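Data first, discussion second: the structure below is written as structure tokens.
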Number of protein chains: 2
Amino acid sequence: MKPIAIGELSRQASVKVPTIRFYEERGLLPRASRTEGNRRTYGAVDVRRLRFIRHARELGFEIEDIRALLDLAEQPERPCGEVDAIARRHLADIDDRIARLTGLRAEIRLMLDQCSQGRIQECRIVEVLADHGECLHEEH
Amino acid sequence: MKPIAIGELSRQASVKVPTIRFYEERGLLPRASRTEGNRRTYGAVDVRRLRFIRHARELGFEIEDIRALLDLAEQPERPCGEVDAIARRHLADIDDRIARLTGLRAEIRLMLDQCSQGRIQECRIVEVLADHGECLHEEH
DNA sequence: CTAATTTCTCTAGCGACTGGAGGAGCAAGC
DNA sequence: GCTTGCTCCTCCAGTCGCTAGAGAAATTAG
């Protein structure tokens with residue numbers, strides 16, 4: 001039950017000190033209580049909450065989503081449909097990004113394959129970049 | 001050979017007006033000549049250059065890379081090894097991102113599959129987020 | 001008691017734009 | 001010639017999720 005300082009919280013949750021202050025400012029962490037000397041103090045609850053945040057961030061959830069997930073996590077009796085929806089949206093977002101990156105990959109791969117290592121004059125990479133019409137890429 | 005205004009350049013290259021001014025400020029486009037009334041004027045060369053930039057951006061190249069590519073494109077006699085290197089680096093970067101996103105995807109997919117649509121109390125999604133040890137994810 | 005470490009607040013910077021305020025230029029219709 | 005409406009100008013602020021620095025104060029170790 002002994003309170004810990006921000007540096008200790010940082011170590012226990014693997015989140016940098018300025019990031020913790022940033023999360024507090026953004027409302028993901030409650031405003032920490034302070035010592036006489038104005039230093040933030042934390043407890044086990046904060047460690048858990050911050051680890052939750054870190055993990056969700058590692059999985060790519062945005063701050064807003066995490067805020068919602070934290071709110072929901074505090075209401076254990078409610079059905080978890082909203083939690084599910086957030087995760088599902090995030091999954092769709094990731095799928096989207098993977099698809100777009102895969103498209104880019106193909107196009108760059110092709111450019112590289114066509115480059116004959118000659119002079120820039122006849123370099124396919126430069127040509128393709130210069131002329132949008134020459135490539136696979138479409139999206140408007 | 002008639003000069004065009006920034007709005008027309010914007011339409012012809014499919015790049016928004018403020019973005020054109022931004023590119024000028026960042027040195028990707030030369031400082032445009034001006035009319036008596038201080039408005040920027042452009043020509044066909046600028047349209048080509050801006051399209052090159054747009055296409056490279058769509059492919060995910062960073063501004064710095066594009067600056068280098070533009071410099072190289074202006075020296076057609078030089079070997080295209082550097083162009084190749086930039087594209088290769090970018091490909092590696094994309095591969096990296098795809099790999100990481102694929103990892104995230106798997107983990108979120110798993111969470112979703114395990115969620116039994118009950119109450120938040122027993123929701124696997126919340127559990128996994130709360131306890132880092134429970135998941136596939138490792139990286140530090 | 002001193003020195004080293006930690007913490008505090010405040011501010012600015014990253015990348016690549018995007019959008020708004022407030023004002024001036026310009027073409028066309030009356 | 002004048003008004004209307006569009007385009008353009010500059011400058012500034014905001015986005016996202018941090019990260020880093022300055023300069024000062026509190027705490028801890030030796």
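The values are calculated or read from the model by the stated rules, or taken from the named source; none is laboratory data. This structure is a prediction, so every number in the text was calculated from the model and none was measured. A quick note on method: Cβ atoms are made from the backbone with ideal geometry, for glycine too, and the neighbour counts reach across all protein chains shown. Note: accessible area is taken over every heavy atom of the protein model, side chains too, but ligands, DNA and RNA are not part of it. Shrake-Rupley method; radii C 1.70, N 1.55, O 1.52, S 1.80 Å.
At-a-glance table
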item: Net charge dipole size for chain A [Lys, Arg +1 and Asp, Glu -1 on Cβ; Debye, nearest 20]; result: 1180
item: Rg(Cα)/(2.2 N^0.38 Å) for the range B:1-61, N = residue count; result: 1.06
item: Karplus-derived 3J(HN,Hα), 6.51/-1.76/1.60, for each residue of the range A:33-41, Hz, glycine and proline x; result: 6, 10, 7, 4, x, 6, 9, 5, 10
item: Reach of B:Lys2 by Cα under 25 Å, taken over lysines that are not fewer than 8 positions away in the same chain; result: B:Lys16
item: Residues along the range A:40-57 losing 50 Å² or more of accessible surface when the other protein chains are present rather than the chain by itself (probe 1.4 Å); result: A:Phe52, A:His55
item: Net charge over other residues, Cβ less than 12 angstrom from the Cβ of A:Ser116 (K, R count +1; D, E count -1); result: -2
item: 222 nm mean residue ellipticity, helices alone, for chain A (DSSP H n ≥ 4; -39,500 (n - 2.57); rounded to 500); result: -19500 deg cm²/dmol
item: Shielding by partners, peptide A:66-72 (average Cβ within 10 angstrom, other chains); result: 2
item: Heavy-atom surface of the protein assembly as shown, accessible at 1.4 Å and reported per residue (Å²); result: 58
item: Portion, in percent, of the accessible area of the range A:1-60 that falls on carbon or sulfur, probe 1.4 Å; result: 49
item: Residues whose placed amide H lies under 5 Å from that of A:Ile4, excluding near-sequence neighbours; result: A:Tyr42, A:Gly43
item: Nearest 10 degrees, 0 to 90: helix B:81-114 Cα axis against chain B principal axis; result: 30
item: Buried solvent-accessible surface, both chains (B, A), 1.4 Å probe, Å² to nearest 100; result: 4900
item: Helix axis angle, A:44-58 relative to chain A longest principal axis, alpha carbon, degrees; result: 10
